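Q: Let me give you the structure first, and then I'll get to my questions.
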Amino acid sequence: MNNMAHGIAAGILIGTAVFTVAADQAAVTPPQTSALLLELFADGVQIYTCEAKESRFQWSFKAPEANLFDKQGRQIGTHFGGPTWKLDDGSAVVGEVIAKADAPEPDAIQWLLLRAKSHEGSGTLSAVAYIRRTETKGGVAPGAGCDASHLSEQARVRYSATYQFFSEKKGK
């Protein structure tokens, strides 16, 4: 293949990847009535438990366990079951999933849009209406290893993600 053909092939591949990411972003975009409050980066694990369901064994998601970092790399909170995000300022938000999109990266957990269902404290997260998880890496349940001899065992699968927290805009 000549250089021009390589360039065209690379452009096609790059264009496809950009389109996939854009499609996934759109599926988990919060309402236009929301405004970005905060963006944090999570590094941790997704916890799965081996369970018997309908005479089969499978890994079932239990909870996340991650540290939350700001853009300067300082840990300012944690993410855990609920799902809950809690910051060092004492504020916390619990979310419920309202939209999902497959991650563009293979073997990465889904991108999500969550609606806040409860709050704690009066800090930064007290005004959150939506949470978006994107840029995921890892975290997918193991493909094997769940059988009768491993019943109730846990698998802790490393993951990272970007979490964006949105408030409702006031008025127009």
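Q: What net charge is computed for the residues neighbouring V93, neighbours being all others with C-beta under 15 Å from the C-beta of V93, Lys and Arg scored +1, Asp and Glu -1? Don't skip to the answer; put the middle values down first.
A: Details: positive: K86, R115, K117, R132, R133; negative: E39, D88, D89, E96, E120, E168.
Charge balance near V93 sits at -1.
Q: While we're here: Just to check I understand the Karplus step: with θ = phi - 60° and J = 6.51 cos²θ - 1.76 cosθ + 1.60, what whole-Hz values come out for the stretch 141-150, glycine and proline as x?
A: 4, x, x, 8, x, 10, 8, 3, 7, 10
Q: Roughly what percent of Cα-Cα pairs across the stretch 61-163 reach past 18 Å? Walk me through the numbers before you get to the answer.
A: Details: 2779 of 5253 pairs.
For the stretch 61-163, the share of Cα pairs beyond 18 Å comes to 53 percent.
Q: All other residues with a Cβ under 10 Å from the Cβ of G82 taken together, and with Lys, Arg as +1 and Asp, Glu as -1, what is their net charge?
A: Numbers: positive: K86, K117; negative: E96.
Net charge around G82: +1.
Q: Continuing with the same structure: Could you list which residues have their amide H under 5 Å from that of Y159, counting only those 5 or more apart in sequence or on another chain, with H placed in the peptide plane?
A: Those qualifying (amide H under 5 Å, at least 5 residues apart or on another chain) are G44, V45, Q46.
Q: Give me the net charge of P142's neighbourhood, meaning all other residues with Cβ under 14 Å from the Cβ of P142; Lys, Arg count +1, Asp, Glu -1. Don't skip to the end; give the middle numbers.
A: Working: positive: K62, R156, R158; negative: E51, D107, D147, E153.
Within the 14 Å Cβ shell, the charges total -1.
Bear in mind these aren't lab numbers, they're just calculated from the coordinates by the rules spelled out. Keep in mind it's a predicted model, so treat the numbers as computed, not measured. Counting neighbours? That spans all protein chains shown, and the Cβs are built from the backbone with ideal geometry, glycine included.
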